[in-house]
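As C-alpha cells, the structure follows; a few thoughts come after it.
The values are calculated or read from the model by the stated rules, or taken from the named source; none is laboratory data. It should be emphasised that the depicted structure is a prediction, and the values quoted were computed from it without experimental measurement. Backbone-built Cβ (ideal geometry, glycine too); neighbour counts: all protein chains shown. Just the protein is used for accessible areas: all its heavy atoms, side chains included, with ligands, DNA and RNA removed. Shrake-Rupley method; radii C 1.70, N 1.55, O 1.52, S 1.80 Å.
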Amino acid sequence: MIYTGDRDSLQLVSDFVSIRLASTKDYKFYDVLKIKEDYGVSPLELIEIKALQGDTSDNIPGVKGIGSKTAEFLIQKFKNLDNLYKNINSDEIKETLRKKLIEGKESAYMSKKLGTINLEAPIETDINLYMPKEKNIKKLKSMMVDLEFFSLMNKFIDDIEKKSLKNDEIKENTSFTLKEVCDFSDMDAILQNISKIALSINSSKSFSDKNLYSVTVFYNKDDNKNIYYFKSMDSDRFKSFENILKEKNISKIVYNSKEIFSNLEKANITIDNISFDIILAAYILNPSASDYTLERLCEEYNVKIPKIDTDKLYEEEEINIFKNTVMIWDLENELFKELEKNDQLSLFSDVELPLSKILADMEIAGFKVDSKGLSDYSKILADRVSKIQTEIYEILGFEFNINSPKQLGTALFENLGLPKGKKGKTGYSTSAKVLESLRLYHPIIDLILEFRALSKLKSTFCDGMIKLIGDDGRIHAYFNQTETRTGRISCTEPNLQNIPIRTETGRELRKYFCAEPNYILVDADYSQIELRVLAHLSCDENMINAFINDEDIHSLTASKIFNLPPDMIGAEARTRAKAVNFGIIYGMGAFSLSQDLGITRAEADRYIKAYLFRYSGVNSYLDKMVEDAKSKGYAETILKRRRYLPELVSSNYNLRSFGERVARNMPIQGSAADIIKLAMIKVYNRLLEKKLRGRLILQVHDELIVESHIDDAKEVENVLREEMENVIKLSVPLKVNISSGETWYNAKN
C-alpha cells in the first residue's frame, strides 16, 4: 500500500499494490478496477497515455498537439505505442492526428521512457532494517553542517538535544576565565609581549554622545586563556584605551572591521593593525551564504562554542559578547587556512580588508543634499502624477486605484478588452513586462508606465531620501561589503546606486546631490570596463586591437555583425550592437535580446551567432568558462574571487542553464568589481599621501565620486586618472572619463 500525493504513482498499481492518493481533505483509494473505472485503461497503460499527452510539471514533452482526451482515446483503442504506430494508417485515426503522431514519434518514445518509474532502485528488502533507530544527534549535526543545512538543522534538533550536544562536545581547555579590568594601566602590563588579540567593541548607543561602551579582549598565550572585560566607560574614558588600539605591534582580530572603524572614528579614536576580519574572510570563502553569524561559522568550520567561567552575574547579552570574542580568536586560524588553501589571502589582505576602512569613511562623510530643492521637485512630480491619473480616468470613463494590480487588470483586460494573459487567483498580471508588450495596442499603457515611474520617483527617491537627510544636511548611506555574490559593493538606506538614469526625469534627481561651498564633485567613470575585461580574459585579437587603437567598440561590433563598413553604421545599428555586446557579458540568450530590442527571436539569434563568429576568441572563452566551472565547481575572477555553482550539476534544466550563464559572466563582472575596489584603495591612499582636500563619498558600479576643494580639483582629477587607469595590468588599456560640477547632475552632464 502506497500513500502519496503523486498521481504518477498510479502506474505502480497491480494485484499486489494499491494507492492511497492524498487530496486536501482525504485519501482516494485506487486499485486496478478503480483505475479502469476512472481512466478506461490498465495501470501500465497510464504510461502510454503520458507518452502521448506529456506532462509540463515533469518537463515531459509528449506529442505536440495531443491532449489528455485524445491520448486516452488512442490508448483505450490501441493499448500501447508499439501497436498504435503499427496501425498508424487505421481509419480510426484522422489525417491531421496521424500527421502529429508521425512527426512526434521520437518524442513519444522518449516521453514514455521519461514517464516510466524505474523499479530497479537498490534497496534493502529486509523489513526489520526499516525500524526507526535511536537518533544520533551528533552525526546528524555533522552531516547537516557539511551540507550547509543550517536552517533545517535548527528545525530537526530541538533545544534540549542541542544543549546536550554542546555539553557533550565541550572537551578539555574549552573553559575560559573572565576578568573584569578597571584601569587601562593594568591592561598595558597585561598585554606586554603579546603580539595578537581578539577584540570586540560594543556601544550602547551611537558614538556621537558620551555613551557607555564595553570592550572585550582575548588572547591565548601559554594556555593562559583569559578574557579581559572593560565595562561602563564613557567616551572620554574609552579614549584612554586608544594607546592599545593604536599599538602597531599588536595585531587585532575582529568581526566586522567596517563597523569598528566607523564607531571609533565617530569618537575620534584611531585603531591600527586590524589584521583579520572574520566576516570578510567568511564572505570570500562562501559568497553565497545566507548569513555569517559567529555561531553558524563555528558550526561550519567545526569550532567549539566556548564556555565562560565567572563568579559574577552577567546579562545574557554580555556573556554572548565574551563568547563572541573567543569565537573570533578560534575562527581566525580556520579561516586563514582556508584562504591560504584557496590562494585568496591576497584578495583578503590587499582588497577587502583595507576597503572596509574606506567604506566606513564614506559612510561617515555622506553626500550633501539640497533638501529644499528635493522637496520642491517632489511637489512637481506629485502634480505630474495627478495630471496623468486624470488622463487615465478620462480614457476609461471611471476612477479606480491605478496602484492596485487587480483593479488595473480589470480596467485593461475587461473594460478595454486588451489582449490578456492567464488569470491567476489575484487577477490578471499587470507587471512591467506585460505592460511593455501592450504598448502598441493602446496609448493608455504609456500613461500607466509613466504614472508608475513618476510615483516611484516621488515616493522612493524624493520623499524617502528627504527622511534620511541628517542634521549635517548630508545623506549617510550604508555600504554593504558582504552582500553580493559577484563581489560588488551594494548600497542601502538609501540605495544611491539605484537612482534612475535612463530618463531625464530620473537624472534630474542628481541635481539635488551637491558639494559643500568652495567644493566641487569630481566624477570618474571607467569606460566599458567589463568589455575590456572580456577582451583581456578571452584574448580575442579583434577586441584587443579595437581597444588598443581606441576604436568605438560598439560601432566596430555593428560593422562585424551587420557586415557593413564602419562609416555606414548609424545610431540604430550601434544601439543594437551595444545590446549584443553587453548581452553576451550577462549571458543573455536570443529570447531576452529580442525582447530588449523589439525584434524577432530569429533575428536576435542571428546577431548573437554573427557576434560569436566574428569574435571567435570570445566564443571559445565562454565555452571554456562553463567547462572549467563544471570541473572545479566554481567560477573565478582575475583576483581569485570565487562563486560556487552547484546549479551546474542540477538535474533541473532551468537551474543548470542559470549556472552556465553565471559561469560565463561572473569572471567578467567579478573582475570588474575587484578592479574598482582596488582603484578605491589606490585613490584613497593617494589623496591622503598628497594631503589633498578631497574625499571619496560614493561608488556606483564603475564610477567613483570625490568631493574636492575647488583649488585641489585638478590635482584630484590627475590622481583619479592615474590610479584608476594603472590599477592593474591588462592586455588592453583601462580608460577613465572624468568630469566635475557643483552637483552630481552637472558632473555627469
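Values for this structure:
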read-out: Directionally averaged projected area (convex hull, Cα atoms, the range 57-112), nm²; value: 3.7
read-out: All lysines inside 29 Å of K155 as judged from Cα atoms, apart from same-chain residues fewer than 8 positions distant; value: K25, K133, K135, K138, K139, K141, K163, K166, K171, K304, K307, K323
read-out: Sequence of F562, F367 from largest to smallest accessible area, 1.4 Å probe; value: F562, F367
read-out: Amide N proximity, the range 454-488 versus S290 label position 7 Å along Cα-to-Cβ, cut-off under 18 Å; value: 483-485
read-out: Å² of accessible area per residue within the chain, as computed with a 1.4 Å probe and no ligands counted; value: 53
read-out: Relative counts (whole %) of C-alpha pair distances in the range 520-679, using bins that are 10 Å wide; value: 10, 36, 35, 15, 2, 0
read-out: Euclidean distance of C-alpha centroids, the range 270-284 and the range 710-749, integer Å; value: 29
read-out: Computed FRET value (nearest 0.05) for R601 with S429, which takes r as the C-beta separation and R₀ as 30 Å; value: 0.90
read-out: With DNA, RNA and ligands ignored, accessible area of T486 (1.4 Å probe; Å², nearest 10); value: 20
read-out: Per-residue HN-Hα couplings for the range 128-140 [Karplus 6.51, -1.76, 1.60; θ = phi - 60°; Hz; x = Gly/Pro]; value: 5, 6, 9, 5, x, 9, 5, 4, 9, 4, 5, 5, 4
read-out: Whichever lysines have a C-alpha closer than 16 Å to that of K379, once near sequence neighbours (fewer than 8 apart) are set aside; value: K387, K456, K458, K467, K511
read-out: Tail weight of P(r) past 15 Å, computed on alpha-carbon pairs of the range 1-97, percent; value: 64
read-out: Length-normalised contact order of the chain in % [C-alpha pairs under 8 Å, at least 6 apart]; value: 10
read-out: Net charge of Cβ neighbours under 12 Å - reference N563; Lys, Arg +1; Asp, Glu -1; value: +3
read-out: Separation of the E742 and I380 label points, Cα + 7 Å toward Cβ, nm; value: 1.6
read-out: Amide hydrogen neighbours beyond the local backbone of Y519, cut-off 5 Å, H modeled; value: I710
read-out: Three-way shape call for the range 293-382 based on the alpha-carbon gyration tensor, with the a/c threshold at 1.5; value: oblate
read-out: Residues of type lysines that K79 reaches as a straight line, Cα spacing below 21 Å, ignoring anything fewer than 8 places off in the same chain; value: K34, K36, K50, K64, K69, K94, K99, K100, K105, K112, K113
read-out: Degrees separating the helix 159-169 axis from the principal Cα axis of the chain, which is the longest one; value: 60
read-out: Accessible surface, 1.4 Å probe, highest first, among residues H701, H442; value: H701, H442
read-out: Residue pairs, from the table K357/K578; K341/K578; K252/K691, whose Cα atoms sit over 32 Å apart; value: K357/K578; K341/K578
read-out: Sequence-distant residues sharing a close amide H with Y634 (under 5 Å, placed H); value: L645
read-out: Extension gain from K341 to E106, taking 0.36 nm per residue of separation minus the Cα-Cα distance; value: 79.6 nm
read-out: Percentage relative contact order, the range 674-735, counting C-alpha pairs under 8 Å, at least six apart; value: 35
read-out: Antiparallel bridges, percent of DSSP beta bridges restricted to the chain (to nearest 5); value: 75
read-out: Per-residue ³J(HN,Hα) for the range 14-21, Karplus 6.51 cos²θ - 1.76 cosθ + 1.60, θ = phi - 60°, Hz, x for Gly and Pro; value: 8, 5, 10, 10, 10, 10, 10, 8
read-out: Degrees, to the nearest 10: 257-266 long Cα axis against longest axis of the chain; value: 40
read-out: Placed amide H near F276: partners under 5 Å, 5+ positions off or other chain; value: K252, V254
read-out: Protection proxy ranking, peptides 738-746, 678-686, average beta carbon neighbours within 10 Å, highest first; value: 678-686, 738-746
read-out: Centre separation in Å (Cα based) which lies between the range 465-512 and the range 1-39; value: 57
read-out: Under Karplus coefficients 6.51, -1.76 and 1.60, residue-wise ³J(HN,Hα) of the range 349-357 in Hz, glycine/proline x; value: 7, 9, 10, 5, 5, x, 5, 4, 5
read-out: 4 °C / 1.567 mPa s Stokes-Einstein diffusion coefficient of the range 497-606, Kirkwood radius on C-alpha pairs, µm²/s; value: 79
read-out: Spatial separation of Cα centroids for the range 627-690 and the range 362-404, in angstrom; value: 38
read-out: Which label in [x] -0.56; [y] -0.41; [z] -0.32 gives the computed log10 I(q)/I(0) by the Debye sum over Cα atoms at q = 0.06 Å⁻¹; value: [x]
read-out: By accessible area with a 1.4 Å probe, ligands and nucleic acids excluded, highest first: order of V434, V145; value: V434, V145
read-out: Pairwise FRET efficiency - S142 versus K34, Cβ, R0 = 35 Å, nearest 0.05; value: 0.15
read-out: Percent of Cα-Cα distances greater than 16 Å, calculated over the range 80-146; value: 70
